Amino acid sequence: MELEAQGNPAMNKVLLILSCILLSIGNCGGPLIMRLYFIHGGKRVWLSSWLETGGWPIILFPLIITYFNRRAKQGTSTKLFFMKPPLFIASAVIGIITGLDDYLYAYGVARLPVSTSSLIIASQLAFTAAFAFLLVKQKFTSYSINAVVLLTSGAGVLALHTSNDRPNGESNKEYFAGFFMTLGASALYGFVLPLVELTYKKAKQAITYSLVMEIQMVMSLFATLFCTIGMLINKDFQAIPREARAFELGETKYYVVIVWSAIIWQCFFMGAVGVIFCASSLLSGIVIAVLLPVTEVLAVIFYREKFQAEKGVALALSLWGFVSYFYGEIKDDKKKKQILIETQVPQDIPNP
């Protein structure tokens with residue numbers, strides 16, 4: 001696990017697969033369990049945003065395990081934490097931005113069906129691609145540009161046809177506030193992913209997976225502190241026992257939902273930064289977007305959400321965008337391999 005970004009390819013693949021699994025669990029489970037909280041009587045947006053990163057102490061367990069593993073091999077001189085002050089400050093700033101993003105997203109989930117919010121979040125890939133181009137000089141092809149256009153168009157279709165999707169008892173004003181808050185969350189996290197990649201590139205120290213976990217822990221800590229301030233102002237801590245007693249599924253299940261929400265969301269963030277470490281911020285955005293159909297289906301199955309024609313069109317445009325992007329990546333990969341083979345072919349040496 002103590003590999004630099006360009007370390008052992010086999011271990012890098014293992015970490016990438018593990019990160020994708022964690023990201024899948026968080027990306028599909030997070031919105032569903034958050035919506036479960038809201039549809040059964042939960043009303044605290046700041047609490048929900050706090051839970052998105054409040055599980056950060058979980059990261060201490062793998063950090064302690066890797067520390068004792070290093071200590072057994074290297075002796076007592078090994079460090080518990082590798083992070084230097086500049087990297088700590090950068091991680092703290094990204095954490096505060098993440099805290100704001102958590103609030104925007106929680107507000108949107110409180111107002112929108114999961115199937116709708118997930119389709120809006122698909123536009124995150126467009127924002128990730130744009131910011132990746134600006135921050136880390138991500139190269140584009142006609143296929144990736146096509147994917148960005150299609151994903152953005154999908155979100156646009158939803159914005160123009162929303163009358164039949166509004167939950168009962170919710171005004172148009174509240175619905176559109178949720179829509180644009182979710183879109184804002186999509187844009188902001190599309191900025192955070194390349195920013196994390198830029199932090200890795202600019203860090204004046206070797207980036208290991210242990211350091212990636214440290215970065216995520218600091219980011220989550222400061223995001224949680226940001227949301228804690230919101231909770232204190234909104235008096236959410238005092239409201240938790242009262243809300244638990246009134247929860248439709250029962251008081252015990254209220255706390256079960258809260259605990260599992262924190263755990264599942266931490267899987268999402270650990271998976272996201274892990275994919276960035278092993279590959280790129282754009283791939284992290286792609287994986288998040290590719291899981292859209294899974295979240296869509298789960299929302300319709302578990303919450304009996306409506307799936308109107310405009311959602312079908314938006315989903316089709318999104319899937320078309322995914323296929324376009326991956327087809328372009330496959331072609332580009334084949335081209336690179338061909339160039340590599342041609343450059344490695346030994347030249348005939350004429351006999352003297």
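The values are calculated or read from the model by the stated rules, or taken from the named source; none is laboratory data. What you are looking at is a predicted structure, and each value in this text was computed from that prediction instead of being measured. Glycine gets a Cβ as well: all are built from the backbone with ideal geometry, and neighbour counts include every protein chain shown. We work out accessible area using only protein heavy atoms, side chains counted, and drop any ligands, DNA or RNA first. Shrake-Rupley method; radii C 1.70, N 1.55, O 1.52, S 1.80 Å.
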If you check Lys253 against the conditions, is it open to solvent by 10 Å² or more (accessible area, probe 1.4 Å), charged (D, E, K, R) and outside any helix (DSSP H, G or I)? no
Would segment 36-56 turn up any residue that is over 14 Å from the mean Cα position of the chain (by Cα), hydrophobic (A, V, I, L, M, F, W, C), over 16 Å from Met270 (Cα atoms) and not in a helix (DSSP H, G or I)? no
Flag if Pro57 is open to solvent by 40 Å² or more (accessible area, probe 1.4 Å) and either among the aromatic types (Phe, Trp, Tyr) or at pLDDT 90 or above (or both): yes
If you scan segment 14-27, which residues turn out to be within 23 Å of Tyr103 (Cβ to Cβ) and surrounded by 23 or more Cβ atoms within 10 Å (Cβ to Cβ)? Leu23, Gly26, Asn27
Return the pairs, sorted by first residue and then second, in which the second residue is at pLDDT 90 or above and in a helix (DSSP H, G or I), the first residue lies in segment 167-185 and is among the hydrophobic types (A, V, I, L, M, F, W, C) and open to solvent by 50 Å² or more (accessible area, probe 1.4 Å), the beta carbons are less than 6 Å apart, and the residues are 6+ apart or on different chains. Met181/Leu104; Met181/Tyr107; Met181/Gly108
Conditions (1) assigned to a helix (DSSP H, G or I); (2) modelled with pLDDT of 75 or more: number failed by Lys336: (2)
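Is at least one residue of segment 108-123 open to solvent by 70 Å² or more (accessible area, probe 1.4 Å), at pLDDT 80 or above and not acidic (Asp, Glu)?
Looking for residues that are open to solvent by 70 Å² or more (accessible area, probe 1.4 Å), at pLDDT 80 or above and not acidic (Asp, Glu), one finds none in segment 108-123, hence no.
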Condition test on Lys306, is it open to solvent by 30 Å² or more (accessible area, probe 1.4 Å), among the basic types (Lys, Arg) and at pLDDT below 80? yes
Could you list, ordered by first residue, the pairs with Cβ atoms under 9 Å in which the first is in segment 88-100 and more than 18 Å from Ile207 (Cα to Cα) and the second is open to solvent by 80 Å² or more (accessible area, probe 1.4 Å), at least 6 apart or interchain? Gly95/Leu225; Ile96/Leu225; Gly99/Leu225; Gly99/Ile229
Cβ pairs under 6 Å, 6+ apart, first in segment 315-331 and closer than 21 Å to Ser117 by Cα, second modelled with pLDDT of 75 or more and open to solvent by 70 Å² or more (accessible area, probe 1.4 Å): none
Buried (at least 19 other Cβ atoms within 10 Å of the Cβ) and either assigned to a helix (DSSP H, G or I) or modelled with pLDDT of 95 or more (or both): is that true of Ala239 in this structure? no
